[in-house]
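A.B. asks: Encoded as structure tokens, here's the structure I'll be asking about.
The values are calculated or read from the model by the stated rules, or taken from the named source; none is laboratory data. Bear in mind the structure is a predicted one, so any value in this text is a computation, not a measurement. Every residue, glycine as well, gets a Cβ built from its backbone with ideal geometry; the counts of neighbours run over all protein chains shown. Accessible surface areas use protein heavy atoms only, side chains included; no ligands, DNA or RNA. Shrake-Rupley method; radii C 1.70, N 1.55, O 1.52, S 1.80 Å.
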Amino acid sequence: KEILDSRFFGAFDRFLKEGETLLQVTNVPPGSPTLEASRTWRGLIEDQLKRMDVLLAERGAFSRWCNRAQEIISGNDKKATIEKLREIVKEGASFPPDNETVANIRNLTEKCNQWIESTASALESDEKIPLSEAKIMLEEGNRLGILSKELRALRNGVKAARSWSNKLKKLSPDQAQAQSNLVQILLDEYEDMMISLPEEHKRLSHSVKNYCLCRRPFEGFMVKCEKCNDFYHGACVGISQARAEKKPIDNYVCVRCLVEKVFQASNSCIAGILRKWTSGADLKKARLADFQKQQRKTRRETKELEKLRMEAQKLSEEVAKLNETPPAAVTAAPVAPATTVSAPDAPAQVQVGPEGAVSEPEKQPEPATKSREELGRSIEKVTAAIKLCQSRLQDLHEAAVRLRNDEELENVKAEELKRWSIRVRSLILAPSSEELARRGRPLANGTLSPAMIGLMQEAEKYGLLRYADVKTVFNSFKCICWSAQAMDILARRPKASDTVAIVRQASKLKLPDEKGLRMMKSMAQRATSWNFKASRILMPIPGEKRRYDLKELRNLSNMAGGISPKKNLKTP
Ligand SMILES: [Zn+2]
Ligand SMILES: [Zn+2]
């Protein structure tokens, strides 16, 4: 071990030299009694020297190894690979670990192995590596300075990401449309890249992907639907950027999702009614729930009425008080707060009692400041609220009576209602065969399906059409058909005429949710009014040589921007 310790190199060399010098001592006279001893002694030295030669060779090999290792550690060997590094470490496996070079090269190898392991796992994963992370990894790899296939792959990946992002920069967003081929190539390239550039990728894919009702690229001010996550052009859905900035749009839900909600809600409405009629327990539960709902509403209204009456009482008392007080006191009251403000340094102005009740005059003027007009307005308001409340209570009472009558009527036909409900379930909600399902589905033009019409006729035959639940089921059938057709219209860029027609159809229905309808109405209105203006402007004027007024045409074109992104419209 000490042979390889440079501190003992000198001593070893000296020892070797001494041995060689001793061998040169040859002047032992022949026949001398020491001759025999001298021979033995010589043999011993020669033997030792042979052994020392072996050690010397070992030391030489270690020195050469150290030089090679040092080359790598110092970074002078630019072509050092991880394989070479591992080979050297293997060769030096038996060298003393406390030697500096040995320790350094082992340490370097350890670090390289760790780096390679973590880099390889990042490279092999299906996820792209974010550029910032890749840069840090690459920096670390370069600092270690050992070539490996992982380092090469990472270098190439970062290089590819940089060149991709440069190509993207050259592509100006305005030209994105025109260069859609190029955009597609870049998007394809991105798929194969190991480095991720999420922001750039989003921007790029927005420029070719289709969004909104109009199925056009991402462009200008857009709103996002919270439910389907699709983006909508503000202009297409009638939301201006200015309006959105004034009052931020929270939880925007698009017209498509709202119409789908009508479809779902109509289905669950039918399901609820069927449950009620097909199980005795559910019927009891449903009726109890209706009754309790009624009671809750009545209680709430009664409480509200009580509160309003008390308020009215208080107000009329105040009016009475106002009438008793002499006018002078009333006019003096508003002055009081002003005197109390300056009270600390002008005690003479405090006119109320010597007890120093400074806080009292502050409180007293408050109710008195309510003028006669204000009181009058409040009384009017409360009286109107009382009337409304009373009429609501009356309605509730009538509804309760109706509910009881209905229940009695229903009981007469309970068996028929149950049988019919089972039919509705097996034909519409849970058809048992493909054929039945086909017959139950609404027709393409939004009319009732053959199965629905059949059920309606059955209900009539059994005298069930008068029942609220049956009416609700029919309304729900119609809502299902209507929403199915509306969804179909909204799946593509809707035509103005289709939109107007579907909005008109809805007037005969009681939709479970009207938000979607309102949106479609406003879409139809905007399109209709633009169409009207356009056809008027484009109408030829008798005797007029210039066919169109350019200024008006330009106006019209600008207005069209309010119903759809400008880019889509060809100027007439
Ligand atoms: Zn759009
Ligand atoms: Zn949506």
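A.B. asks: Which one of Ser32, Ser94, Ser118 is surrounded by fewer than 17 Cβ atoms within 10 Å (Cβ to Cβ) and not in a loop (DSSP other than H, G, I, E, B)? Can you show your working first?
C.D. replies: On the way: Ser32 fails: not in a loop (DSSP other than H, G, I, E, B); Ser94 fails: not in a loop (DSSP other than H, G, I, E, B).
Sole residue among the options that is surrounded by fewer than 17 Cβ atoms within 10 Å (Cβ to Cβ) and not in a loop (DSSP other than H, G, I, E, B): Ser118.
A.B. asks: Could you tell me whether the stretch 253-264 includes any residue that is at pLDDT 90 or above, exposed (fewer than 15 other Cβ atoms within 10 Å of the Cβ) and either within 13 Å of ligand 2 (Cβ to nearest atom) or within 23 Å of Glu514 (Cβ to Cβ) (or both)?
C.D. replies: Within the stretch 253-264 (the criterion being at pLDDT 90 or above, exposed (fewer than 15 other Cβ atoms within 10 Å of the Cβ) and either within 13 Å of ligand 2 (Cβ to nearest atom) or within 23 Å of Glu514 (Cβ to Cβ) (or both)), the answer is yes, since at least one residue qualifies.
A.B. asks: Show the residue pairs that are 6+ apart or on different chains and have beta-carbon atoms under 7 Å apart, the first residue being within the stretch 221-242 and among the charged types (D, E, K, R), the second being open to solvent by 70 Å² or more (accessible area, probe 1.4 Å) and at pLDDT below 90.
C.D. replies: From the stretch 221-242, the pairs are Glu226/Asn251.
A.B. asks: Continuing with the same structure: I'd like to check something: does the stretch 195-204 contain any residue that is open to solvent by 40 Å² or more (accessible area, probe 1.4 Å), away from ligand 2 (no atom under 16 Å from the Cβ) and either of a type in the set (Lys, Arg) or not in a helix (DSSP H, G or I) (or both)? Before you say what the answer is, go through the steps one by one.
C.D. replies: First, pick out the residues of the stretch 195-204 that are open to solvent by 40 Å² or more (accessible area, probe 1.4 Å): 198-203.
Keeping just the survivors that are away from ligand 2 (no atom under 16 Å from the Cβ) gives 198-203.
With either of a type in the set (Lys, Arg) or not in a helix (DSSP H, G or I) (or both) added as a condition, the list becomes 202-203.
Yes, the conditions are met somewhere in the stretch 195-204.
A.B. asks: Which one of these does Gly75 not meet: (1) in contact (Cβ under 8 Å) with a residue 40 or more places away in the chain; (2) under 30 Å from Gln24 (Cβ atoms)?
C.D. replies: Every condition holds for Gly75 apart from (2).
A.B. asks: Return the only residue of Lys159, Lys111, Lys135 being under 24 Å from Lys202 (Cβ atoms) and more than 30 Å from the chain's Cα centre (by Cα). Spell out how you get there, then give the answer.
C.D. replies: Values: Lys111 fails: under 24 Å from Lys202 (Cβ atoms); Lys135 fails: more than 30 Å from the chain's Cα centre (by Cα).
On inspection, the qualifying residue turns out to be Lys159.
A.B. asks: Could you tell me whether the stretch 505-514 includes any residue that is more than 13 Å from Val259 (Cβ to Cβ) and within 34 Å of the chain's Cα centre (by Cα)?
C.D. replies: Within the stretch 505-514, the subset more than 13 Å from Val259 (Cβ to Cβ) is 507-508, 510.
Those left that are additionally within 34 Å of the chain's Cα centre (by Cα): 510.
For the stretch 505-514, residues more than 13 Å from Val259 (Cβ to Cβ) and within 34 Å of the chain's Cα centre (by Cα): present.
A.B. asks: Checking Ile239 against (1) away from ligand 2 (no atom under 16 Å from the Cβ); (2) modelled with pLDDT of 85 or more; (3) among the aliphatic types (A, V, I, L, M); (4) open to solvent by less than 20 Å² (accessible area, probe 1.4 Å): exactly one of these is not met. Which one?
C.D. replies: Result: Ile239 fails condition (1) only.
A.B. asks: Right, something else. Is there a residue being surrounded by 12 or more Cβ atoms within 10 Å (Cβ to Cβ), small (Gly, Ala, Ser) and modelled with pLDDT of 90 or more anywhere in the stretch 43-57?
C.D. replies: no
A.B. asks: Under the condition of being within 12 Å of ligand 1 (Cβ to nearest atom) and of a type in the set (Lys, Arg), which residue from the stretch 198-231 is nearest to Met487 (Cα to Cα)? Lay out the reasoning, then the answer.
C.D. replies: Applying the first criterion (within 12 Å of ligand 1 (Cβ to nearest atom)) to the stretch 198-231 yields 210-223, 230-231.
Next, only the ones that are of a type in the set (Lys, Arg) stay: 215-216.
Numbers: Arg215: 15, Arg216: 18 Å.
This residue is Arg215.
A.B. asks: Confirm whether Lys495 is surrounded by fewer than 12 Cβ atoms within 10 Å (Cβ to Cβ) and within 16 Å of ligand 1 (Cβ to nearest atom). Before you say what the answer is, go through the steps one by one.
C.D. replies: Details: surrounded by fewer than 12 Cβ atoms within 10 Å (Cβ to Cβ): yes; within 16 Å of ligand 1 (Cβ to nearest atom): yes.
So Lys495 passes the test.
A.B. asks: Checking the conditions here, which among Asp250, Asp230 is out of contact with any Gly (no Cβ under 8 Å at 6 or more places or on another chain), over 30 Å from Arg425 (Cα atoms) and surrounded by 15 or more Cβ atoms within 10 Å (Cβ to Cβ)?
C.D. replies: Working: Asp250 fails: surrounded by 15 or more Cβ atoms within 10 Å (Cβ to Cβ).
None of the other options fit; the residue is Asp230.
A.B. asks: Then there is this: If we keep just the residues of the stretch 482-492 that are farther than 17 Å from Ser449 by Cβ and open to solvent by less than 80 Å² (accessible area, probe 1.4 Å), which is farthest from ligand 2 (Cβ to nearest atom)?
C.D. replies: First, the residues of the stretch 482-492 that are farther than 17 Å from Ser449 by Cβ: 489-492.
Pick out the ones that are also open to solvent by less than 80 Å² (accessible area, probe 1.4 Å) and you get 489-491.
Details: Ile489: 15, Leu490: 10, Ala491: 12 Å.
It comes out as Ile489.
A.B. asks: Could you please let me know if Arg68 is at pLDDT below 85, in a helix (DSSP H, G or I) and within 19 Å of Ala103 (Cβ to Cβ)? Quick ask: steps written out before the conclusion?
C.D. replies: Numbers: at pLDDT below 85: no; in a helix (DSSP H, G or I): yes; within 19 Å of Ala103 (Cβ to Cβ): yes.
So Arg68 fails the test.
A.B. asks: While we're on this one: Of the residues Arg504, Arg518, Arg536, which single one is more than 22 Å from Cys236 (Cβ to Cβ), part of a helix (DSSP H, G or I) and either open to solvent by 80 Å² or more (accessible area, probe 1.4 Å) or of a type in the set (D, E, K, R) (or both)? Step through it out loud before you land on a result.
C.D. replies: On the way: Arg504 fails: more than 22 Å from Cys236 (Cβ to Cβ); Arg518 fails: more than 22 Å from Cys236 (Cβ to Cβ).
That would be Arg536, the only listed residue that is more than 22 Å from Cys236 (Cβ to Cβ), part of a helix (DSSP H, G or I) and either open to solvent by 80 Å² or more (accessible area, probe 1.4 Å) or of a type in the set (D, E, K, R) (or both).
A.B. asks: If I ask for residues that are among the basic types (Lys, Arg) and modelled with pLDDT under 90, which ones from the stretch 292-313 would you list?
C.D. replies: Residue satisfying the conditions is Lys293 alone.
A.B. asks: Can you find a residue in the stretch 208-225 that is at pLDDT below 85 and assigned to a helix (DSSP H, G or I)?
C.D. replies: yes
A.B. asks: With the checklist (1) in contact with a Ser or Thr (Cβ under 6 Å, 6 or more places away or on another chain); (2) of a type in the set (A, V, I, L, M, F, W, C); (3) within 22 Å of Cys479 (Cβ to Cβ) in hand, flag the one item Cys254 doesn't pass.
C.D. replies: Here Cys254 clears every test but (1).
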